[in-house]
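Visitor: Please see the structure below; I have some questions.
The values are calculated or read from the model by the stated rules, or taken from the named source; none is laboratory data. On a predicted model such as this, the values are computed, not experimentally measured, just so you know. We place every Cβ from the backbone using ideal geometry, glycine too, and count neighbours over all the protein chains shown.
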Ligand SMILES: Cc1ncc(COP(=O)(O)O)c(C=O)c1O
């Protein structure tokens, strides 16, 4: 494992970044329980970073789930099934209409996951009356496995890391087993590109919240990176904002995007990746995320587990329950604030992409006060 590092992006070319799409937002608004998630001020984080303001988009309660990932999983599931049925968005405009078409069809959804994506695909299968087969790496904590099973899915533990689970899911694809992956590989591109599109709803909410709060666009945005689909959506949202610097953040143990930037092309790092930032434990960037991420980001930084734990506690000081992957964006800025040259004139945006998805770990890291808030949130779900 390498030390934390900052890599300036020599591939930076923001004019080449794709732009946001709006179709998923119309679909998400029809889902039960849809509401924009909060964008909140984090004064403790601003003081520690030495910047003017920090705003946090809090994704710990998204459509009844503890992470933003359901936005991508729902839109991609919808589009995968439409394609399978040979139907258009106009012919089957809502999830209810889709459920009526697929119930009793014998179709099964399949996904590999390091936690949140698989749980979200399992939820979609349940809402549609379909079975789900979810493949997880060998190191997945029991709490995350139980959460996926609680959505009615069958979980298979794959011998190896996230990349091995992905390979297993690809091998399971058939006429009746439809793979809804959040990462892409040679020959498998549409579902993961729909996942990126699905995340655009969150970015559109953020831009709208900045507008309605009457504040200018952030000068610095940090996005945590697993395979890069989330970071690609963030890049699209800020591609037109010349005054915004984008920083990608990865665990030192799972630095596949940073390594790819250094080598100049998509590169696989040795696995398994075992950081506590489970959602970021990926060994290969997504092929469809790579163009937007490699063009959109000014720099990439890597952080240790201890550094993200520090960021989780800081989030808790500002009243935000943020899990290990959720706090990584803030962790990257904290760990590299001097090298990044953050100043009091900066306004920062970070996205807390998950709540306490591993409650025992959250309690051990953050302590009892914030943990009881996490307990309360857990009970609400
Ligand atoms: C909570 C959380 N944040 C961030 C990410 C990173 O997303 P991506 O894999 O698209 O880079 C993930 C991925 O699973 C996640 O679960």
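Visitor: Just need a number here: residues in the range 97-117 that are away from the ligand (no atom under 16 Å from the Cβ) and in contact (Cβ under 8 Å) with a residue 12 or more places away in the chain.
Guide: 12
Visitor: Taking the residues in the range 127-149 that are within 21 Å of the chain's Cα centre (by Cα) and more than 16 Å from the ligand (Cβ to nearest atom) as candidates, determine which candidate is surrounded by the most Cβ atoms within 10 Å (Cβ to Cβ).
Guide: Checking each candidate, the answer is 132.
Visitor: Then there is this: Of the residues that sit in the range 316-330 and are part of a helix (DSSP H, G or I) and away from the ligand (no atom under 13 Å from the Cβ), which one is surrounded by the fewest Cβ atoms within 10 Å (Cβ to Cβ)?
Guide: That would be 317.
Visitor: Can you report the number of residues in the range 333-352 which are in contact with a strand residue (DSSP E or B) (Cβ under 7 Å, 6 or more places away or on another chain) and closer than 25 Å to residue 208 by Cβ?
Guide: Here the count works out to 8.
Visitor: Same structure, new question: Could you please give the count of residues in the range 225-243 that are assigned to a loop (DSSP other than H, G, I, E, B) and either more than 6 Å from the ligand (Cβ to nearest atom) or at pLDDT below 95 (or both)?
Guide: 5
Visitor: While we're on this one: Surrounded by fewer than 22 Cβ atoms within 10 Å (Cβ to Cβ), in the same structural domain as residue 208 (by TED's automatic domain parsing) and more than 21 Å from the chain's Cα centre (by Cα): is that true of residue 50 in this structure?
Guide: The answer is yes for residue 50.
Visitor: Just one of 212, 244, 219, 177 is assigned by TED's automatic domain parsing to the domain that holds residue 83, more than 20 Å from the chain's Cα centre (by Cα) and more than 21 Å from residue 66 (Cα to Cα); which is it?
Guide: Within the list 212, 244, 219, 177, the selection yields 177.
Visitor: Quick check: anything in the range 275-291 away from the ligand (no atom under 15 Å from the Cβ) and in the same structural domain as residue 363 (by TED's automatic domain parsing)?
Guide: No.
Visitor: With the requirement that a residue be on the phi < 0 side of the Ramachandran plot and in a loop (DSSP other than H, G, I, E, B), what does the range 177-216 give you?
Guide: Those that are on the phi < 0 side of the Ramachandran plot and in a loop (DSSP other than H, G, I, E, B): 180, 181, 182, 183, 184, 186, 189, 213, 215, 216.
Per-residue answers, yes or no, for (1) within 30 Å of residue 259 (Cβ to Cβ); (2) crowded, with 21+ Cβ neighbours inside 10 Å:
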{"site": "3", "(1), (2)": "yes, no"}
{"site": "10", "(1), (2)": "yes, no"}
{"site": "17", "(1), (2)": "yes, yes"}
{"site": "59", "(1), (2)": "yes, yes"}
{"site": "72", "(1), (2)": "yes, yes"}
{"site": "78", "(1), (2)": "no, yes"}
{"site": "102", "(1), (2)": "no, no"}
{"site": "110", "(1), (2)": "yes, yes"}
